[in-house]
1. Using only Cα atoms, tell me the angle between helix 3-27 and the longest principal axis of the chain; keep it within 0 to 90° and round to the nearest 10.
2. For Glu127 and Arg225, compute 0.36 nm times the residue count separating them, minus their Cα-Cα distance, and round to one decimal in nm.
3. In whole angstrom, how far apart do the alpha carbon centroids of the stretch 185-230 and the stretch 59-83 sit?
4. Apply 1/(1 + (r/R0)^6) to the Cβ-Cβ distance of Arg211 and Tyr31, taking R0 = 41 Å, and write down the FRET efficiency to the nearest 0.05.
5. If you take the beta carbon distance between Lys77 and Arg183 as r and set R0 to 25 Å, what does 1/(1 + (r/R0)^6) give as a FRET efficiency, to the nearest 0.05?
6. In deg cm²/dmol, rounded to 500, what helix-only [θ] at 222 nm does the chain give when every DSSP H run of at least 4 residues adds -39500 (n - 2.57) and the total is split over its residues?
7. What are the ³J(HN,Hα) values, in whole Hz, obtained from phi via the Karplus relation 6.51 cos²θ - 1.76 cosθ + 1.60 with θ = phi - 60°, for each residue of the stretch 156-167 in sequence order, with x given for Gly and Pro?
8. May I ask which of Lys43/Lys142; Lys179/Lys234; Lys77/Lys122; Lys142/Lys223; Lys43/Lys77 have a Cα-Cα span longer than 23 Å here?
Amino acid sequence: MTIASLFYRLLLVLPVCLLMSCSTEIDNWDYPTSRVSGQFLYKGQPMQLMGTASDATGSNMLQLHQTGEGWIQGFIKVFSREDGTYTINAFDGDYYLNLTPGRGPWVPNTDTLRFTLRGEEKNVNFEVTPYFWLSNYTSTYKDSVFTATFNVEQVVSTAVMERTVIQLTPTAIVDNTSKVLERAFTNVVPGTNTLTLNLKTLSNSEKTNLRKTGFLFARVGIKTRNVSDLIYSKTVQLTP
């Protein structure tokens, strides 16, 4: 074997060895067990939000950044549940949370929540100002007719309500992504409102799609003009 051929083989093998060494080192990292949790609130009240987490569409409402010595550049995407709560595991260290630009049914702000994580940090809550607030929600479902009554408060005077929707799914997660059926209303105004949807008027294909699991769930949402995310009522189970 010539010196040239030996050198060539070393060039081929060395990167593979280095890659395997790095891969082994990365794979040997323990999963972080420390935990931070909190909730989106408006005047101390839980926000009802989109519950579908999608990394592809960037539906994360928060960004978690590590700071201090040995900090890791970039951020961790934090997704919320439909009741506005969020939980994420991370390594011990100094962190801050900020709102994801362009996400959430609230007024944008650049506030940060700074904290030191040592094992567990609870009640790292983020106070926000929604454009509209939905409260005093009640609903009934009788003889295939869904009726929802609720109060709407216009929190931001310049906000424009684009539409209010009733969304239905055969699963417990109901939002703009997971919806199977949606009906929109443009007659909702600040104050007390009542919306009705008669499921007997649905098409055969719509009825079939809603019967896939034998369960039926509903939710009311408010869409603000030029804002992608909706603010919601709590999800209610209609059947069985």
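Each reported figure results from applying straightforward, stated rules to the coordinates on display, with no laboratory input. Everything numeric in this text was worked out from a predicted model, so none of it was measured. Using ideal geometry, Cβ is built from the backbone for each residue, glycine included, and neighbour counts are taken over all protein chains shown.
1. Roughly 40 degrees between the two axes.
2. This chain segment gains 33.1 nm when fully extended.
3. If we compute the Cα centre of each part, the gap is 32 Å.
4. FRET efficiency, Arg211 to Tyr31: 0.55.
5. Approximately 0.20, to the nearest 0.05.
6. Using -39500 (n - 2.57) per qualifying helix, the result is -4500 deg cm²/dmol.
7. Values, residue by residue: 9, 4, 8, 6, 10, 6, 7, 6, 10, 10, 9, 10 Hz.
8. Lys43/Lys142; Lys142/Lys223; Lys43/Lys77
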